[in-house]
Amino acid sequence: MESEEIKIGVYVCHCGINIGSTVDVEQVRDSVSELPNVSISRDFKYMCSDPGQALIRKDIEERGLNRVVVAACSPRMHEPTFRKTIQQAGLNPYCVEIANIREQCSWVHEDKADATDKAVKLVCSAVAKASLLEPLEEKEVEIAPRALVIGAGIAGIQASLDIADAGFQVYLVEREPSIGGHMAQLDKTFPTLDCSACIMTPKMVEVERHPNIELLTYSKVIEVGGYIGNFNVKVKKKPRYINMDRCTGCGLCAEACRLKGRITSEFDVGMGKRSASYIPFPYAVPSKYTIDAEHCLFLTKGKCGKSPACKDACTADAVEFEQKEEIVELDIGTIVVATGFDLFDATEKPEYGYGLYDNVLSGLEFERLVSSSGPTQGKIAIGGKDPKDVVFVQCVGSRDKSVGNEYCSRVCCMYTAKQAYLIHEKLPDARLTIFYIDIRAFGKGFEEFYDRVREEGVRYIRGNVSEIIKKGDRLLVMAEDTLLGEPIDVEADLVVLATGIVPRADVRELMNLLKISQSPDGFLLEAHPKLRPVDTASDGIYIAGCCQGPKDIPDTVAQAKGAASSAMTKMSQGKVKVEAIIASVDPFICRGCGRCVEACEYGAPELQEAEPGILVSEVNDSLCKGCGACAVACPCRAISMKHFKNEQIFSQIEAVI
Amino acid sequence: MFRKSHFNIRKFIYDAFDKDMAKVVFEKVGIWDCTTCSACLNKCPKGVDTVGFVTGLRQLMVEDGRIPPPIRDALKSVSIHKNPWKIGAEERSKWAEGLEIKNISEGADILYFVGCTPAYDARLQKVARAIVGIMNKAGVDFGILGNEEGCCGSEIRRMGDPWTFEYLAKENIETFKKYNIRKVVTTSPHCFNTFKNEYEGADFEVQHYTELIAGLIEEGRLAFSREINKTVTYHDPCFLGKQNKIFDPPRKILASIPGVKLVEMDRARERSLCCEGGGGRMWIESEDSEDRLAKIRVGEAMCVQAQILATACPFCLLTLEDVVKTEELEESIEVLDIAELVIKAL
Ligand SMILES: Cc1cc2nc3c(=O)[nH]c(=O)nc-3n(C[C@H](O)[C@H](O)[C@H](O)COP(=O)(O)OP(=O)(O)OC[C@H]3O[C@@H](n4cnc5c(N)ncnc54)[C@H](O)[C@@H]3O)c2cc1C
Ligand code: SF4
Ligand code: SF4
Ligand code: SF4
C-alpha cells in the first residue's frame, strides 16, 4: 500500500441525552482534536441521522479525510451504517472505526467527569487504530438458484412452496415416508377448529405437483460441505422396496401382508396397528406404499411364507426387494431447516402414571384418538365405555426445571382447551376438568376461544397435579387448588397430559452437519432473537418452525415464509459478498501443526501440502467468519486477522494506558 | 380421601415473604408434619427448596427454644448419649453380644454402620443381626465401631439442629479417618443419605446394605437354600428411592429369593408413598387427626394381596409394623426387612 497522509475525522455523538447526559461531549471533541493525524473533530446530536451522515460525507469531500472515527453507540448497531456513509463518499468502507461510548460508557457510568475521561480514552484508542486501518476488499461468490429444505412438516412445506413459486428449484428432504409432520396427526386446530387435514392436504398435494419441487421422502441429509451459494449436499434415500412409478397406492400389498395389524403405527403414536407394507395415513404424500425393513419378514428373516405375500398381491408388480439405498448429490445455494420437534416423554414425570395406566394419554395420542382418521374413527371410548370424567393436566414437561425444560411450550394451553371442546362436542355429558398453572392465551382469537370453552362448562382449576393414582377402575387425580389453598381430588376415567414440545432427539447430529448452534433450551439458535429470527450464524442457512422453538401453526407458517423470503433474497441477488474481515496465514511462519483447523468452528482453515512433506494452513475466504479463534490457537502467531491485526490492537491498548 | 396433613408449604412460604419468619412458624400449626420425604421437592417445577425451607423454619424454632418436648428430648439425648433414643452410649453394641463381629480397630474392608435405631430398638436389632449373618455367610470382611459409633445426625438436622449435625458429622469423619475406613455400609437409608450427600469433606464410599447384598447375589457369593412361598411387595423408603434413586437392588434381592412372588403396589419407585417416619417424625406425632400414611400404605399392600410387606429402612419398618399391630392385621400381612427375608432363605 502506498503511504498516503492519514487524515482522520472524529465525530462524537450525543445520542440525544443517551450519551450527552453522562459524557461531556464537547470536552471529548476538544480533547481529541490535537491527536496525531486528526484533521477535524466535531460533535452532533444524532450522528446516525441523515444530517449526521451528510456531515461526514461533506468533510470527506471537502477536507480530503481518508479515515473516520465515530464515537457513538455499539458497532453492532451502526457500524454498517457508517461503512455505507463513507463508501458513498468514495472511501473504502473499512476505513471507519467506531468508539462505543454509549453501551460501554454513558449507560454504565454515573459520574460525569469519570465517564467523560473514559470516553476520551476510548476515542483516543479508536483514533490510534484508525491511523493503522487498511482498506479491505469484499469478495463476491455466486449463489446457485437452488434451495434445500430439510423436514417437510407444515414449516418445510410452506417454505418450499414459497421458494418454488418464486421460480427457484427446491429439494425437499423428509425422513418419513410421507410429508406432513405433526400437523398431519392433529384433528382440529385451535382457535378456529379447522380440520387439520382439510387445510393441510391441498398444500401437500401442491408440493407433490409443483414443477420446481423435487420431493425426497424417506431420505436423510448425510453430508453438507461448502458455503452459502455453493453447498455440496449428499442425501441418502432409503429403499422403499416399492417402485414409486409403478405403485398405484391401491393397498393390496398391505391387505395381504402377513404382519397385517401386528406393527404399531408411528403415525397413530402407538394407538393403531399397521402392516409391514404401509402408507402412514390415508392422505399421505406421496401416496405410495413403503415396506418397513425393520419388521418385514422377508427383509429381516429372508423368508415370508413360501413367497412374500405383498409381492404376490401387487397387480402393478411394484414390489422390489432388490432395491438398494441411493445417494443423491446436490449443489445448493441456500438451506432452510424445518425439522420440527419431538413430544415430551411423559414417563419422565412418573407421578402422572403415563405408561403405567392405559387411560393416561399424551396430548398427541389424544389427537389421534379424537381424529376421525384415527384408530377408533374418532370415538372416545375407555374400556368400551364413554368416559364420564376427563381430566387434563397442563404444562407436562414444560416450565419444569425438574426435567430441565424451563420454557413454555406455547401450544398446550390452547390445544388443551381445544381438546376439551372436542370432547364436549362428542360427549356433552362428560365432566371436564383442566388443571393449569397459568393460562397463556396470547394469540389472535385465543382468549376468546378460552372463554368459549369455559362457558361450555369446562372447569379450570389452578394448581399443578401432584399425583395420579389408581382407584378401582378409575384414576384419582390429586392436586391443590392454589386459588383456594385447598387440596382437591378428582376422579377420572381418562386423563390427558398436555405434553410439551421438546427439541428433536437428534438435533446435535443436525447441528454438526450444518455447523449451526442451539440455544440453552436446546432448540436451534437464531442469529438474533429479535432482528434476525430466521437466520443462523452460518450464512445461507435459515430456520423455520418448531426446530427453532415451540410455536403454533400460524407462527410456524409465518416463520417459514420469513425463512423462504431470506433464502430467496440471497438467491435472487445471485451473488453474495463474503466477510472481508477474515484470517490470513503467513505461509512462511506456519509450521503446519493444524491447531487452527481444530479451533475453527466453520471448517475454514485446511492444511495443504505446499511442498512435498511441508504442510501449510490455508484459510478458505468464503468459509471464514473472522471470529479469530484460529489466530488465538496458533502457537506461532502465523495467523493474523484482517482489521484486527496485532499492531492495530496494540496501538489501541497503548492509547488507553 | 388419600390425603393426610393440612400442612401447606406454600402458605408458609407466602407468609414468610413479609412477616417476621419466626412468627410465621409459631402462629401456625403443621410445621412438624413434614417428613422431609422430598416428594414435593422432586416435582417442584421451579426448583424451590421446600425441604430446606421447612428445616430452616424448624431451625428458627429451635434457636428460639420453642420446641415441642419430644423433639427437645431427642435432641438432648443425642448431645448426651450420641443417639436420640435416650439410652446410654455404653449400651450401643449390646445387640451384637454373642455374634462373631470384628471391631473395626482390627482392620476390615468395610465398616458396617449400624445406626441408632437398629442398635437400640429391639425390633430393629433383629435386622442388624440379619445383616451381620448375611455378610458372614458371604465372607465379607467387615467390622463395626461398637460403642464408639455415634448418631449420623440426619434426623437431628431435619429437626432443625444443624449445629449438632455439624458436630456429629465432624466427629464421625474423624473416627472413620482414625480407622482408615474406605467403605461404609449402612442399615438405614437415612444414614446412607446423609453420609453420601451431606457430609462435607467425606472421602469414603457409602453403600446401603441392599446394594451390597444385591452385589453379593450377583457375584454368586450367596446361595439360597430355602424357599419363601409368599407374595411379597416392596415399599420404597423415601431416602433410598425418591432421594437417591435406588430402586432396583432391593427388588433384585427379593426376586432372587426362591419362592417369592414379587408384586408391585400402584405407588412404587418414584411414586412411592412416604411412611411418615422421616424428618424427625419418629419422635413427634402429626397435629392432624386423619389416618396415618403408614395405614394407607399397609392398605395398599393388602390391595395387591401381599402377604409380606418388605422394606429396607428402620423407620419404615417401625411405622408400618405399628399399623399392622394396632389394626390387628397380623393374620393377613407381615412387615419384614429385606435382610430378614434373605437370612430366612439362606
Ligand atoms: C398435541 C398437539 C396439538 C397441537 N394442536 C395445534 C393446534 O390445534 N393448532 C396449532 O396452531 N398448533 C397446534 N400444535 C402445534 C403444531 O403441531 C406445530 O406448530 C407444527 O406442527 C409445527 O410444524 P413444524 O413443521 O415446525 O414441525 P413438524 O410438524 O415436527 O415437522 C417436522 C418434519 O421434519 C421431519 N424431520 C425431522 N428431522 C428430520 C431430518 N433430520 N431430516 C429430514 N426430515 C426431518 C419430520 O419427520 C417432520 O415431518 C399442536 C401440537 C401438539 C403437540
Ligand atoms: S402453553 Fe400453557 S400448558 Fe403449555 S407450557 Fe405454556 S403455560 Fe404450560
Ligand atoms: S495453527 Fe498456525 S502454525 Fe498451526 S497450522 Fe494453523 S496457521 Fe499453521
Ligand atoms: S412431607 Fe414431603 S412432600 Fe410433604 S412438604 Fe414435606 S417434604 Fe414435601
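The values are calculated or read from the model by the stated rules, or taken from the named source; none is laboratory data. Here the structure is a predicted model, which means the values were calculated and not measured. Here Cβ is always computed from backbone atoms with ideal geometry, including for glycine, and neighbour counts include all displayed protein chains. Note: accessible area is taken over every heavy atom of the protein model, side chains too, but ligands, DNA and RNA are not part of it. Shrake-Rupley method; radii C 1.70, N 1.55, O 1.52, S 1.80 Å.
How many percent of Cα pairs in the protein assembly as shown exceed 43 Å?
More than 43 Å apart: 56 percent of the Cα pairs in the protein assembly as shown.
Would you list, by chain and number, the lysines whose Cα falls below 16 Å from the Cα of B:Lys19, excluding same-chain residues fewer than 8 positions away?
Qualifying lysines at Cα under 16 Å: B:Lys11, B:Lys28.
Per Stokes-Einstein, at 25 °C and 0.890 mPa s, what whole-number D in µm² s⁻¹ belongs to region A:75-119, with the Kirkwood radius over Cα pairs as the hydrodynamic radius?
208 µm²/s
Where nothing but the Cβ of Lys and Arg (+1) and of Asp and Glu (-1) is charged, how large is the charge dipole of region A:12-158 around its Cα centre, in debye to the nearest 20?
So the dipole magnitude of region A:12-158 works out to roughly 300 debye.
Tell me, how many Å apart are the Cα centres for region A:215-286 and for region A:588-628?
Measuring centre to centre over Cα atoms gives 42 Å.
What does the accessible area of B:Val323 come to, in Å² to the nearest 10, when a probe of 1.4 Å is used?
Rounded to the nearest 10, the figure is 10 Å².
Which value, in Å², gives the accessible area per residue of region A:472-566 when a 1.4 Å probe is used on the protein heavy atoms?
Computed with neighbouring chains in place, this is 39 Å² per residue.
Residue by residue through region A:501-514, what is 3J(HN,Hα) from phi via Karplus (6.51 cos²θ - 1.76 cosθ + 1.60, θ = phi - 60°)? Round to whole Hz and write x for glycine and proline.
9, 10, x, 3, 4, 9, 4, 5, 4, 5, 4, 5, 4, 9
Considering only chain A, what is the antiparallel percent among its DSSP beta bridges, to the nearest 5?
Of the beta bridges lying entirely in chain A, close to 50 percent run antiparallel.
Residue-wise, which Karplus ³J(HN,Hα) couplings in Hz belong to region A:642-657, taking 6.51 cos²θ - 1.76 cosθ + 1.60, θ = phi - 60°, and x for glycine or proline?
4, 6, 10, 5, 3, 5, 5, 5, 4, 4, 5, 5, 4, 5, 8, 9
Which residues does the label zone of A:Arg63 cover in region A:26-56, counting backbone N under 11 Å from a point 7 Å along Cα→Cβ?
Correct set: A:33-34, A:38-43, A:56.
Accessible surface of B:Cys275 in the full protein assembly, 1.4 angstrom probe, to the nearest 10 Å²?
My reading of the accessible area for B:Cys275 is about 10 Å².
Using modelled backbone amide H atoms (1.01 Å from N, in-plane), which distant-in-sequence or interchain residues come within less than 5 Å of A:Val336's amide H?
Here the answer is A:Leu148, A:Val149, A:Ile150, A:Tyr542, since their amide H atoms fall under 5 Å of that of A:Val336.
For region A:536-657, rounded, prolate or oblate, judged on the Cα gyration tensor with a ≥ b ≥ c (square roots of eigenvalues), a/c < 1.5 rounded, else prolate if a/b > b/c?
Prolate.
Just how large is the dipole of the protein assembly as shown about the Cα centre, in debye to the nearest 20, putting +1 at every Lys and Arg Cβ and -1 at every Asp and Glu Cβ?
1500 debye
Provide a whole-number value for the mean count of partner chain Cβ atoms within 10 Å of the Cβ atoms in peptide B:38-47.
The shielding value for this peptide is 5.
Amide H neighbours of A:Ser398 under 5 Å, counting only residues 5+ apart in sequence or on other chains, H built in-plane at 1.01 Å?
Under 5 Å from the amide H of A:Ser398: A:Gly500.
Per residue of region B:224-240, what does 6.51 cos²θ - 1.76 cosθ + 1.60 with θ = phi - 60° give for ³J(HN,Hα)? Whole Hz please, x for Gly and Pro, Karplus curve as stated.
Values, residue by residue: 7, 10, 10, 9, 10, 8, 9, 8, 10, 10, 10, 9, 6, x, 4, 6, 9 Hz.
Which value in deg cm²/dmol, rounded to the nearest 500, describes the helix-derived mean residue ellipticity at 222 nm for chain B, given -39,500 (n - 2.57) per DSSP H run of n ≥ 4 and division by the residue count?
-13000 deg cm²/dmol
Between A:Ser33 and A:Phe650, how high is the FRET efficiency from 1/(1 + (r/R0)^6) when r is the Cβ-Cβ distance and R₀ = 30 Å? Nearest 0.05.
Computed FRET efficiency for A:Ser33 and A:Phe650 comes out at 0.80.
Would you mind working out the accessible area per residue for chain B, using a 1.4 Å probe, and quoting it in Å²?
Computed with neighbouring chains in place, this is 42 Å² per residue.
Could you pull out every residue, at least 5 positions away or on a different chain, whose amide H is within less than 5 Å of the one on A:Phe392? Hs are placed 1.01 Å off N in the peptide plane, and Pro or chain starts have none.
For A:Phe392, the qualifying residues are A:Thr433, A:Ile434, A:Phe435, A:Val496.
Per-residue accessible area for B:Glu328 at 1.4 Å probe radius, Å² rounded to 10?
Only protein atoms counted, so the area is about 150 Å².
Treat every Asp and Glu Cβ in region A:342-502 as -1 and every Lys and Arg Cβ as +1, leave all other atoms uncharged, and give the resulting dipole magnitude about the Cα centre to the nearest 20 debye.
Dipole size: approximately 300 debye.
So how much accessible surface do A and B hide from each other in total, probe 1.4 Å, in square angstrom to the nearest 100?
Counting both chains, the buried surface is close to 1800 Å².
Among A:Ser265, B:Ala130, B:Tyr167, flag the residue with its Cα farthest along the positive direction of the charge dipole of the protein assembly as shown, charges on Cβ as +1 for Lys/Arg and -1 for Asp/Glu.
So the residue we want is A:Ser265.
Measuring from centroid to centroid over Cα atoms, what is the spacing of region B:17-67 and region A:84-110 in Å?
About 56 Å separates the Cα centre of region B:17-67 from the one of region A:84-110.
Per-residue Cβ counts within 10 Å, from other chains only, averaged over A:462-468: what number is that?
Going residue by residue through A:462-468 and averaging, the value is 3.
Would you mind putting A:497-504, B:214-221 in packing order, based on average other-beta-carbon counts within 10 Å, highest first?
Highest mean packing first, the order is A:497-504, B:214-221.
Which residue, chosen from A:Phe321, A:Phe44, A:Leu427, occupies the Cα position most advanced towards the positive end of the dipole of the protein assembly as shown, where the dipole is computed from +1 (Lys, Arg) and -1 (Asp, Glu) charges on Cβ about the Cα centre?
Value computed over the given set: A:Phe321.
Roughly how many nanometres apart are two label points built 7 Å out from the Cα toward the Cβ at B:Ser289 and A:Ala537?
6.5 nm
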